[in-house]
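Okay, so here's the structure we're looking at.
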Amino acid sequence: MALNRKIAYIDLSTGKIETRPISLEVRKKFLGGRGLDAYLLYNHTEKGIDPLGPKNVLMVSAGILGGTLASASSRTHIMAKSPLTELLGSSNMGGFFAPELRWAGFDHLVIKGKAEKPVYLWIHNGEIELRDASNIWGKTTTETQWAIREELGDEDIKCAVIGPAGENLVRFANVMTGIKDSAGRSGMGAVFGSKNLKAIAARGTMDIKIAYPTDALEYNKRFIDQIVSSKVNQTQGTLGTPFIWGATNSWGGIRTRNFQYNQCEYADDIEPERIDEIATETMGKYHMAGCFGCQVHCRAKYKIPSGPYAGKYDEGPEYTSQGAFGGEPDCKSAVTVLTGNHLVDQWGVDNLEIGSIISWAMELYELGILTNKDTDGLDLSFGNDEALLEMIRRITFRDGWLGDTLAEGGIQASEKIGKNSFSYLIQVKGMSNLHSDERATPALALGIATGSRGSDHLRSRPAIDLYHLPEEVLRKVYSNPVPYDGPLSSEHTSYVGKSWQVFWQELCYMGVDCLGICKYHTTFLGATLPNFEDWSRVLYYNTGLEMSPKDIWDVAERCYNIERLFNLREGLTRNDPKKGDTLNHRYFDEPCRRGAPDVIGAKIDRKKFKKMIDEYYEHHGWDENGIPLPETMKRLGLDKEPSHLV
Amino acid sequence: MAKVLMINYEKCTGCRLCELVCSVMHEGVSNPSRSRIKIMKWESEGLYVPISCQQCEDAPCINVCPVKAISRDEKLDYVKVDYDVCIGCRVCVTACPFGAMSFDVIDRKVVKCDLCDGDPQCVRFCEIQALEYVDADRVSVFKKKDAAERLSIAQKEAAALQAQV
Amino acid sequence: MATEREALSGAESLAKTRTYGKFRCHNPSCMGRITVEPGVTQCKCPSCGLEFRVAWVRPNFPRIRGPVWDVNRRIAQEAVTEREAAKAAKKEGK
Ligand code: SF4
Ligand SMILES: [Zn+2]
């Protein structure tokens, strides 16, 4: 059946490879994907290890529904201790890798140790081989993939690879597959690099048996209709994620010039419709592409229209590239956004983090904290497109003092730069915030402050909070599958009931990450999209596993608590500005300077924010320091961790 | 009139849902290597082309089959393999100019598109309609329309250019 | 189990609340519904006066492309000035 996929333990130091089945007991407790990764990470790592040392353990996995009829069952999850945050490292990517890994017979890889010289893993129909990667070391992400296909003589091979950034141990290097699919956050590419692991190549022709094929087909059709009929996904399928940046910039919910402004005015050249125009001009009317099995097709195909990289093919750009190389550094040029996007894709570095860090450096330069001496003469002013692109290169290749320093990540760099530079760094737990501004939206602010992998919009963001939905609609969404009769508010400027929304979304996103489905197919950007109830059916038809919506909720809560346990073990404390559930002081002290009439002047209220966190801990069953209470651990069956079930 | 599977590869988003539903429909499994349709990709150019059986009028596979296991289905007008007769020699796989006749390594038999008894699942699930199941005469009509559109745009552009001069 | 599985899920039943052809004003305190004539490229919120550029996802599906920068900037500045004046007046009153 769909559950007979295996887990492989690979020791790169000794070359020893061991494969084991995953028991039904483990499946029912953790499902798969991110949830089971979290369990494995907690069980297989020791406290306080060096994230870039051989003792870090790298998890690569597919969701329990990967490759099945679950609509966009394409997601690969990667986990390890993060070299960027020294807390939980966790990242997720679309594309075609995870289904291929399953057709090759595996759901989870647990990679330990460190290879003596560059290697890649070749996973093929139940077999795993370690192969020499010396001649592909140094290649870009796409060159690496094409070279592996050529070496093994099979064009259908799918790879998860690192580029130069991962090799250079840039602490926010990503892991990539295809042209632009990236597990970008928290530096998983650097962990690959530290292990001398250049790539994982997979190819398989093994059946994944579908439990009830006819029902699964019929239900998938219904699932897809529900997903593609939503307005948000229709927009997504035309303009991709840039539409979100455009819509948020319209009222003043994005970040520009690091954190100085919350709206990028007159940015017409980087608006989604403009980017869509370029894609149409260079790739034709039908220029959208999709991940495995997905009918939303949210990514554009494009060629860079002009400049030094004119004619280069790439995909995207996503909201993050638009923010990182457009709005944030105040560059406002489509060509710069498309070029920056291409560079990070080729070199394998997180666009979000690198864009934020460069903009932070630009603010420090403006303030005189960084000088021409530090930049080796580079004019690091906001709006300098060339300097932005040059910094992407310097950081990736650790070129010069500044490039090398910034490649260490924000907190580490701030310690080197000193002079109060830390207080300008827009981060939570060492990870940069998305290029969005949450000062007018307390629910979103709470989400980034508490996310288990640091500041993040894909851990718990209650994005539908921005839609001014009637309270009865909110209640319908948020009181399922567990009852909730506390307060809820349609006002997104309010603090009321937001802690519950964040808690609910956390478990919702954990749910999709365990199943291996894309977040655009759940209650992220639209209230009418599938969640727990729908998953229970899809899980049953595809795998035969009978889990009620509440059972899936419980798995999600269990897994989220394991992530919390890991973070607590590695030093998270509630109020630590570097490792806590906190926000940069500017959220509380500097009011928004632009945007719609009541966004201007908005900032987060310290007292109300603290109360939101208290409530949020309470929903979780955590004490006032954010530590799970003994009864919570017991209720979730976590009172004997680490339990080494697998 | 008999219907045909019409492929407009320009629309294809490369998602491979057609491969997935095809293998689930026919074999009850997720396994694109057993699908009757396959998307050929040039990833570095963003080019995706779905390939499936053309149901040829003068079909090479029918012509080469040494035991006459392949014939034309009267009702749906498609090329059909009779597995009671087929000896699995795979000559048809070699003869097919499209690679649309494939060999299923698990069941060890040749497989090809059978139009799912008149309700092709690949078509049903392809939201963007890169795949359509249409009356045979429609295919060229759609192409005529496309060509006409290109022509009229070209003419408008020429007129605009002339006006500038 | 079979009949239960056929029922509409909560999320599916919410689909009935979808509205096409209109959108909400981007001013958080307003969020008024705006209906636009087919093909227009600019609109004004009837309740708060903000103005937006309109783009079309499909012929029957409009969205806000962005603000009319000069107009919305002016309205926001006026709101700030008013708020500050009110605050100052309140202080004096004390
Ligand atoms: S299998 Fe190949 S040769 Fe036979 S009818 Fe189909 S396309 Fe033609
Ligand atoms: Zn309004």
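The values are calculated or read from the model by the stated rules, or taken from the named source; none is laboratory data. Because the structure is a prediction, the values reported are computed rather than measured. Methodologically, a virtual Cβ is constructed for each residue, glycine included, from the backbone with ideal geometry; neighbour enumeration extends over all protein chains shown. When the accessible area is computed, the model is the full protein with side chains, heavy atoms only, and any ligands, DNA or RNA have been set aside. Shrake-Rupley method; radii C 1.70, N 1.55, O 1.52, S 1.80 Å.
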Close pairs from the range B:46-60: first part of a strand (DSSP E or B), partner open to solvent by 20 Å² or more (accessible area, probe 1.4 Å) and near ligand 1 (Cβ under 9 Å from one of its atoms), Cβ under 7 Å, at least 6 apart: B:51/B:98; B:51/B:99
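Report, by residue number, each residue of the range A:469-481 that is without any contact (Cβ under 8 Å) to a residue 60 or more places away in the chain, over 18 Å from residue A:520 (Cα atoms) and surrounded by 17 or more Cβ atoms within 10 Å (Cβ to Cβ). Don't jump to the end; show me each part of the working.
Applying the first criterion (without any contact (Cβ under 8 Å) to a residue 60 or more places away in the chain) to the range A:469-481 yields A:469-479.
Add one more test, that the residue is over 18 Å from residue A:520 (Cα atoms), and what stays is A:469-476, A:479.
Correct list: A:469, A:473, A:474, A:476.
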Residues A:265, A:273: which one is in a loop (DSSP other than H, G, I, E, B) and charged (D, E, K, R)? A:265
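Looking at the range A:271-291, can you tell me whether even one residue there is acidic (Asp, Glu), open to solvent by less than 10 Å² (accessible area, probe 1.4 Å) and under 30 Å from residue A:363 (Cβ atoms)? Full working, then the answer.
Start the filter on the range A:271-291 by keeping residues that are acidic (Asp, Glu), which leaves A:271, A:273, A:276-277, A:281.
Adding the requirement that they be open to solvent by less than 10 Å² (accessible area, probe 1.4 Å) leaves A:271.
Imposing the further condition that a residue be under 30 Å from residue A:363 (Cβ atoms) reduces the set to A:271.
Yes, because at least one residue in the range A:271-291 is acidic (Asp, Glu), open to solvent by less than 10 Å² (accessible area, probe 1.4 Å) and under 30 Å from residue A:363 (Cβ atoms).
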Hey, residue A:507 open to solvent by less than 60 Å² (accessible area, probe 1.4 Å) and either part of a loop (DSSP other than H, G, I, E, B) or basic (Lys, Arg) (or both) or not: no
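Please pick out the residue among A:398, A:439, A:393 that is over 25 Å from residue A:560 (Cα atoms) and assigned to a helix (DSSP H, G or I). So that I can check it myself, show each step before the final result.
Values: A:398 fails: assigned to a helix (DSSP H, G or I); A:439 fails: assigned to a helix (DSSP H, G or I).
That would be A:393, the only listed residue that is over 25 Å from residue A:560 (Cα atoms) and assigned to a helix (DSSP H, G or I).
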Test each condition in (1) part of a helix (DSSP H, G or I); (2) buried (at least 24 other Cβ atoms within 10 Å of the Cβ) for residue A:302 and report the one that comes out false. (1)
Which of the residues that make up the range B:89-111 are farther than 17 Å from residue B:56 by Cβ and open to solvent by 30 Å² or more (accessible area, probe 1.4 Å)? B:89, B:90, B:103, B:105, B:106, B:107, B:108, B:109
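Among the listed residues A:538, A:496, A:512, which satisfies the condition of being more than 15 Å from the chain's Cα centre (by Cα), open to solvent by less than 10 Å² (accessible area, probe 1.4 Å) and either aliphatic (A, V, I, L, M) or on the phi > 0 side of the Ramachandran plot (or both)? Walk me through how you get there before you give the answer.
Numbers: A:496 fails: open to solvent by less than 10 Å² (accessible area, probe 1.4 Å); A:512 fails: more than 15 Å from the chain's Cα centre (by Cα).
Within the list A:538, A:496, A:512, the selection yields A:538.
Among the candidates B:129, B:121, which residue alone is within 29 Å of residue A:297 (Cβ to Cβ) and open to solvent by less than 30 Å² (accessible area, probe 1.4 Å)? Even if it seems obvious, please write down each step before you answer.
Values: B:129 fails: open to solvent by less than 30 Å² (accessible area, probe 1.4 Å).
Just a single option satisfies the conditions, and that option is B:121.
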Given (1) of a type in the set (Phe, Trp, Tyr); (2) buried (at least 24 other Cβ atoms within 10 Å of the Cβ); (3) closer than 28 Å to residue A:198 by Cβ, identify the lone condition not met by residue A:319. (3)
Considering only the range B:97-110, state which residues are of a type outside the set (D, E, K, R) and more than 10 Å from ligand 1 (Cβ to nearest atom). B:103, B:105, B:106
Identify the residue in the range C:66-79 that is at the interface with another protein chain (Cβ under 7 Å from one of its Cβ atoms) and touching a residue at least 24 places away in the same chain (Cβ under 8 Å) and, among all such residues, is least open to solvent (accessible area, probe 1.4 Å). C:67
Residue under evaluation residue A:296, criteria (1) open to solvent by less than 10 Å² (accessible area, probe 1.4 Å); (2) more than 14 Å from every other protein chain (Cβ to nearest Cβ); (3) not in a helix (DSSP H, G or I), criterion not met: (2)
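Tally up the residues in the range B:55-70 that are within 11 Å of ligand 1 (Cβ to nearest atom), open to solvent by 30 Å² or more (accessible area, probe 1.4 Å) and modelled with pLDDT of 95 or more, please.
Start the filter on the range B:55-70 by keeping residues that are within 11 Å of ligand 1 (Cβ to nearest atom), which leaves B:55-65, B:70.
Still in the running and open to solvent by 30 Å² or more (accessible area, probe 1.4 Å): B:56-58, B:60, B:62-64.
Next, only the ones that are modelled with pLDDT of 95 or more stay: B:60, B:62-64.
Qualifying residue count, the range B:55-70: 4.
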So, in the range C:42-63, of the ones that are more than 10 Å from chain A (Cβ to nearest Cβ) and open to solvent by 70 Å² or more (accessible area, probe 1.4 Å), which residue ends up farthest from ligand 1 (Cβ to nearest atom)? C:47
Which condition breaks for residue B:79 when tested against (1) touching a residue at least 12 places away in the same chain (Cβ under 8 Å); (2) open to solvent by 50 Å² or more (accessible area, probe 1.4 Å); (3) at negative phi? (2)
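Take the conditions aliphatic (A, V, I, L, M), outside any loop (DSSP other than H, G, I, E, B) and not assigned by TED's automatic domain parsing to the domain that holds residue A:359 and apply them to residue A:413. Does it pass? Break it down into steps so the answer makes sense when it comes.
Numbers: aliphatic (A, V, I, L, M): yes; outside any loop (DSSP other than H, G, I, E, B): yes; not assigned by TED's automatic domain parsing to the domain that holds residue A:359: no.
When the stated conditions are applied, residue A:413 does not pass them.
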With B:98, B:103, B:125 as the choices, which residue is within 14 Å of chain A (Cβ to nearest Cβ), without any contact (Cβ under 8 Å) to a residue 60 or more places away in the chain and closer than 18 Å to residue B:38 by Cα? B:103
Single match in B:74, B:45, B:19 (criterion: exposed (fewer than 15 other Cβ atoms within 10 Å of the Cβ) and within 14 Å of chain A (Cβ to nearest Cβ)): B:45
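For (1) within 16 Å of ligand 2 (Cβ to nearest atom); (2) at pLDDT below 95; (3) open to solvent by less than 90 Å² (accessible area, probe 1.4 Å), each residue gets a yes or a no:
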{"residue": "B:83", "(1), (2), (3)": "no, no, no"}
{"residue": "B:113", "(1), (2), (3)": "no, no, yes"}
{"residue": "B:135", "(1), (2), (3)": "no, yes, yes"}
{"residue": "B:141", "(1), (2), (3)": "no, yes, yes"}
{"residue": "B:155", "(1), (2), (3)": "no, yes, no"}
So residue A:423, is it outside the structural domain of residue A:539 (by TED's automatic domain parsing) and small (Gly, Ala, Ser): yes
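Out of the residues in the range C:7-28 that are surrounded by 15 or more Cβ atoms within 10 Å (Cβ to Cβ) and polar (S, T, N, Q), which is nearest to residue C:63 (Cα to Cα)?
So the residue we want is C:27.
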When you scan the range A:182-202, do you find a residue that is more than 8 Å from every other protein chain (Cβ to nearest Cβ), touching a residue at least 40 places away in the same chain (Cβ under 8 Å) and more than 30 Å from residue A:53 (Cβ to Cβ), even just one? no
Residue C:39 versus (1) facing another protein chain (nearest Cβ under 9 Å); (2) within 24 Å of residue A:238 (Cα to Cα): which is the lone unmet condition? (1)
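Does any residue of the range A:331-345 turn out to be free of Cβ contacts under 8 Å to residues at least 24 places away in the same chain and either farther than 30 Å from residue B:17 by Cα or within 20 Å of the chain's Cα centre (by Cα) (or both)?
Our first condition is that a residue be free of Cβ contacts under 8 Å to residues at least 24 places away in the same chain; within the range A:331-345, this holds for none.
No.
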Selection within the range C:15-64 - away from ligand 2 (no atom under 16 Å from the Cβ), basic (Lys, Arg) and in contact with a helix residue (DSSP H, G or I) (Cβ under 9 Å, 6 or more places away or on another chain): C:18, C:58
